[in-house]
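Beneath this line is the structure, given in structure tokens, with notes to follow.
The values are calculated or read from the model by the stated rules, or taken from the named source; none is laboratory data. Just so it is clear, the structure is predicted and the values come from calculations on it, not from any experiment. Every residue, glycine among them, receives a Cβ derived from its backbone with ideal geometry; neighbour counts consider all protein chains shown. Heads up: the accessible areas ignore ligands, DNA and RNA and are worked out on the full protein's heavy atoms, side chains in. Shrake-Rupley method; radii C 1.70, N 1.55, O 1.52, S 1.80 Å.
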Amino acid sequence: MEQENHKIKAVSLLRSRICDPKFIFISESPESNYSKLKFMISSSVTEACNNSILLLGPRGSGKNAVLELTIQDLLQEYPDSVSVIRLNGLLHSDDISAFKEIARQLCMEHQLLFSKAASFDDNSQFMVAILKECGLAHKTVIFVLDEFHLFAQGKQRLLYSLLDAMQSITSQAVVLGISCRLDADQLLEKRVRSRFSHRKLLFLPPSIEDSQKLLMHILTLPIDSSFPHAYAVEFNRKVQNIIEDRRFKETLNKYLNVDSSVKHLLRFLFCAVSHMDLQTGFLSRENFEIAFTSIQRQPKLECLRNCSILELQILVCMKRLEVKEQSLCNFNSVMKEYISTLTSERYARHVCLRVCSSALVVSEAKRAIYSK
């Protein structure tokens, strides 16, 4: 029973590591993005200066995770000196709605009454006044602008007003932009760009070597812990052998060729750990191959796996109508295409009518898959 417990405990530990951003992204190295970002924001808080920073990188590279960890640490270190305002370009790219949301969050932060009827100018002036008050109280306001490139569309009044207000001696704020576009700073107008600090942190996908190091970091069990010493040593040895195995490297390369982001890698790793055999209590190369197969499965082919010949023929006819740019089709048009396609050995009309309904279901399932 005790052996079974430490095997289950090992799986739970590995899963918790994979789902814990602190274990993945926090590094003591001064070259890590976490250390750099924390240093820049901490300097702004302690030295009472303004700053603007862009976090750039593809989706799934850990921008939001690192930022959230940094903000959590700052709120613990400076609980009375930091407040956070969050905007998302998908929701607040319109200047009017953006200023209204800023005013609403500032009112909640300072326990003030928010007026929904306030105009654009009222909300803009209120934001500037609050920034001055926070500066006099030595309190830093951190503006997090997710999907930053969407705020760089149109007249960019929000960005200009924010950065212009930060030029004042009394204000104390940090603007953090998050974007998947590496050229986000080039989208800024000249008047906005001249007020921007031009500090950027790049979140690039890990290389093959970095991915292997991350795997070792996550999958290695602690030796001096509640795990039996012999089990932990043997577990780590097997993990080392798997990562150095040529066939495993081929599987990992195939997977990372599709998407090399950290998020995608962690998903693969979680799936592999979930397939770990509790009888032996060790990971194997087969666990990673099963994970690769399950993640890389082709749902479009699975929809067609059990279709009859007539159902496949009906689907082909629907596809031919789609190629002919006939977006809407009924049974008569499909039947007409079916007759023109097959000159002999055709099924009767009433049989095709029964089959056509199931073919439509498969077609709708394919459309849903394509839309995802």
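Only one of S119, S83 is among the polar types (S, T, N, Q) and closer than 30 Å to I26 by Cα; which?
Answer to the selection: S83.
Going through L131, L75, L112 one at a time, which residue ends up being of a type outside the set (G, A, S) and more than 30 Å from L182 (Cβ to Cβ)?
L112
Within segment 79-97, how many residues are without any contact (Cβ under 8 Å) to a residue 40 or more places away in the chain and open to solvent by 50 Å² or more (accessible area, probe 1.4 Å)?
Going through segment 79-97 one residue at a time, the tally reaches 4.
May I ask you to verify whether R157 is out of contact with any strand residue (DSSP E or B) (no Cβ under 8 Å at 6 or more places or on another chain) and of a type in the set (K, R)?
yes
Please specify each residue of segment 98-125 satisfying the condition of being open to solvent by 40 Å² or more (accessible area, probe 1.4 Å) and part of a helix (DSSP H, G or I).
K100, R104, M108, E109, F120, D121, D122, Q125
Taking the residues in segment 243-261 that are touching a helix residue (DSSP H, G or I) at 6+ places or on another chain (Cβ under 8 Å) and in a loop (DSSP other than H, G, I, E, B) as candidates, determine which candidate is modelled with the highest pLDDT.
Only one residue tops the list, namely D245.
Restricting to segment 314-339, and then to whatever is open to solvent by 100 Å² or more (accessible area, probe 1.4 Å) and either of a type in the set (A, V, I, L, M) or not assigned by the TED database to the domain that holds V355 (or both), can you tell me which residue is farthest from R354 (Cα to Cα)?
By that ranking, first place goes to V323.
Residues are listed down the side, and each one gets a yes or a no for (1) hydroxyl-bearing (S, T, Y); (2) within 24 Å of E234 (Cα to Cα):
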{"site": "H6", "(1), (2)": "no, yes"}
{"site": "L14", "(1), (2)": "no, yes"}
{"site": "F23", "(1), (2)": "no, yes"}
{"site": "S29", "(1), (2)": "yes, no"}
{"site": "L37", "(1), (2)": "no, no"}
{"site": "S44", "(1), (2)": "yes, no"}
{"site": "L55", "(1), (2)": "no, no"}
{"site": "E68", "(1), (2)": "no, no"}
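Is at least one residue of segment 231-241 open to solvent by less than 50 Å² (accessible area, probe 1.4 Å) and either free of Cβ contacts under 8 Å to residues at least 24 places away in the same chain or among the acidic types (D, E) (or both)?
Yes.
Could you count how many residues in segment 23-35 are modelled with pLDDT of 85 or more and either surrounded by fewer than 17 Cβ atoms within 10 Å (Cβ to Cβ) or of a type in the set (S, T, N, Q) (or both)?
So the answer is 4.
Please determine whether any residue of segment 72-94 is assigned to a helix (DSSP H, G or I) and β-branched (V, I, T).
There is no residue in segment 72-94 that is assigned to a helix (DSSP H, G or I) and β-branched (V, I, T).
Does L37 satisfy the condition of being out of contact with any helix residue (DSSP H, G or I) (no Cβ under 7 Å at 6 or more places or on another chain) and farther than 25 Å from V273 by Cβ?
No: the conditions fail for L37.
I'd like to verify a number: residues in segment 262-289 that are assigned to a helix (DSSP H, G or I) and either under 27 Å from the mean Cα position of the chain (by Cα) or without any contact (Cβ under 8 Å) to a residue 24 or more places away in the chain (or both), how many?
Residues flagged as assigned to a helix (DSSP H, G or I) and either under 27 Å from the mean Cα position of the chain (by Cα) or without any contact (Cβ under 8 Å) to a residue 24 or more places away in the chain (or both) within segment 262-289 amount to 17.
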